[in-house]
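The values are calculated or read from the model by the stated rules, or taken from the named source; none is laboratory data. Given the structure is predicted, the values throughout are model-derived calculations rather than measurements. Neighbour counts are summed over all protein chains in view; Cβ atoms, including those assigned to glycine, are modelled from backbone coordinates with ideal geometry. Only protein heavy atoms, including side chains, enter the accessible area calculation; ligands, DNA and RNA are left aside. Shrake-Rupley method; radii C 1.70, N 1.55, O 1.52, S 1.80 Å.
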Amino acid sequence: DQLATGVAHEIRNPLASIGLGLRAALTDIERGETGEASVALRLIEPEIERCVGIASSLLKLSTPTGSHLDLVILDEVIRDVVALLGYEAESRKVVIALELEENLRSIASDSEMRMVVINLAQNALHAMPDGGVLSIAAHRDGATVVAEVGDTGVGIRPEDLDRIFMPFWSHRADGVRGTGLGLAICRNIVRRVGGSLTVVSTVGQGSRFTLRMPDADHRQAE
């Protein structure tokens, strides 16, 4: 529900700008001021591109999962996910900090990796009911592509660290009861393509999930 609300908000704003620009252009045309109309029409182009980008991200997320694997550009996946979660982060008073190397490629299912990143990012947001910082960093480390999703939230108790990846175990800081399937599914997705998903956490300070995937370009170089 939060994702749907956020996407609707992200699309509504550029659509409103497009509407204002079109009305201004029509008014200018009726007055014979074609130059002014041209300016207004040029201003709506980036807003249209923004809507198209959001729609493309949703389509990639909804692609059926399965055995089909592709070259996934992890830094692009992260940027797309952050764009979709922008409204939810803002509503929760969470600042998103990105530090991404470019063209980080791995062999995986694009839609499944988007599911993994969305799950990790939303879990981080849920861990900060009073606001905070969601940090996402990604880089190469030898033959591995590494992505880290951190938060400044409530943290995870030491006795719960081994449980969070168990199916049907759920304990959210915002008091909402989840299905408990998210992290279990994420770890399985990552492991199927030779990766790993781990976590470190300190109660009262926050958590950091680390996703490690084989670097497709490193494999090709060999």
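Would you tally the net charge around F165, using a Cβ to Cβ cut-off of less than 11 Å, leaving F165 out, and scoring K and R as +1, D and E as -1?
Net of charged neighbours comes to +1.
Ranked highest first by the average count of other Cβ atoms within 10 Å around their residues, in what order do 135-146, 42-53, 206-217 fall?
206-217, 135-146, 42-53
Accessible area of L41, 1.4 Å probe, to the nearest 10 Å²?
80
Given the convex hull over the Cα atoms of region 96-139, what projected area results after averaging over all orientations, in nm²? Spell out each step's value before the answer.
Values: hull surface 13.5 nm².
For region 96-139, averaging the hull's shadow over all directions gives 3.4 nm².
Can you give the extra length, in nm with one decimal, that the chain gains between E101 and L71 once fully stretched, where that is 0.36 nm per residue apart less the Cα-Cα distance? Walk me through the numbers on the way to the answer.
Values: separation 30, 0.36 × 30 = 10.80 nm, distance 1.63 nm.
Extending this stretch completely gives an extra 9.2 nm.
Can you give the extra length, in nm with one decimal, that the chain gains between T34 and T202 once fully stretched, where that is 0.36 nm per residue apart less the Cα-Cα distance?
Details: separation 168, 0.36 × 168 = 60.48 nm, distance 6.14 nm.
Net length gain for the segment: 54.3 nm.
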